[in-house]
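I have placed the structure first, in the form of structure tokens, so that the comments after it can refer back to it.
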Amino acid sequence: MKRRSFLKGTLATGAAAVAVNAGLLTPSTVLADWNKAAFAAKKTDDALNSVYGSASATASGDVKLKAPAIAENGAVTPVTVDASGMSGVESISIMASKNPMPLVCTYDFASSAIGYVSTRIKMGETMNVIAVVKAGGKLFKAEQEVKVTIGGCGG
């Protein structure tokens, strides 16, 4: 290791330690807030109630859910939710109905953002993937069955 690299690292570590001790860097300001009840829910309706305060979502053609009909590996199932045709998208949630904890993820959007999410989820068996979009204070959903050949949740 070169002397300059060592000195830079030592100074950076010392500055970070001073900032932590002075209370400038606290875990509460660094960590994201999360809805513990929603992610611990065992049923999709309970998770929806925890996230949105209601479990009644209307099926809509404006919510485009793209997932494979057959997922060869449930550990990395690609899912895309496109609600860009809707105005005022506030959030998008993705659920896997038969997972031990069905709520996979929730994304909150700023007022000027386009409602589009692409991610990979883990599924243990064949089940419905549900996308729930909150737009204009109302809940809309799209649902698709995904057949899993190799389980990702211990299967």
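The values are calculated or read from the model by the stated rules, or taken from the named source; none is laboratory data. This is a predicted model, so every value here is computed, not measured. Every residue, glycine among them, receives a Cβ derived from its backbone with ideal geometry; neighbour counts consider all protein chains shown.
Selection of the stretch 63-112 for residues being acidic (Asp, Glu) and within 17 Å of Val148 (Cα to Cα) yields only Glu72.
Scanning the stretch 97-140 for residues that are part of a strand (DSSP E or B) and loosely packed, with under 13 Cβ neighbours inside 10 Å yields Asp108, Ser118, Arg120. Scanning the stretch 18-52 for residues being modelled with pLDDT of 90 or more and either outside any helix (DSSP H, G or I) or not assigned by TED's automatic domain parsing to the domain that holds Glu90 (or both) gives a total of 3. Looking across the stretch 141-154, the residues that are assigned to a loop (DSSP other than H, G, I, E, B), of a type in the set (Gly, Ala, Ser) and surrounded by 12 or more Cβ atoms within 10 Å (Cβ to Cβ) come down to Gly151, Gly152.
The one condition from (1) modelled with pLDDT under 95; (2) over 25 Å from Trp34 (Cα atoms); (3) charged (D, E, K, R) that Lys64 does not meet is (1).
I'd like the full set of residues that are of a type in the set (A, V, I, L, M), surrounded by 13 or more Cβ atoms within 10 Å (Cβ to Cβ) and in a strand (DSSP E or B), limited to the stretch 65-96. Before the answer, list the steps.
The initial filter retains those residues of the stretch 65-96 that are of a type in the set (A, V, I, L, M), namely 65, 67, 69-71, 75-76, 79, 81, 83, 86, 89, 92, 94-96.
In the following step, the residues that additionally are surrounded by 13 or more Cβ atoms within 10 Å (Cβ to Cβ) were identified as 65, 67, 71, 75, 79, 81, 83, 86, 89, 92, 94-96.
Those that are of a type in the set (A, V, I, L, M), surrounded by 13 or more Cβ atoms within 10 Å (Cβ to Cβ) and in a strand (DSSP E or B): Leu65, Ala71, Val79, Val81, Val89, Ile92, Ile94, Met95, Ala96.
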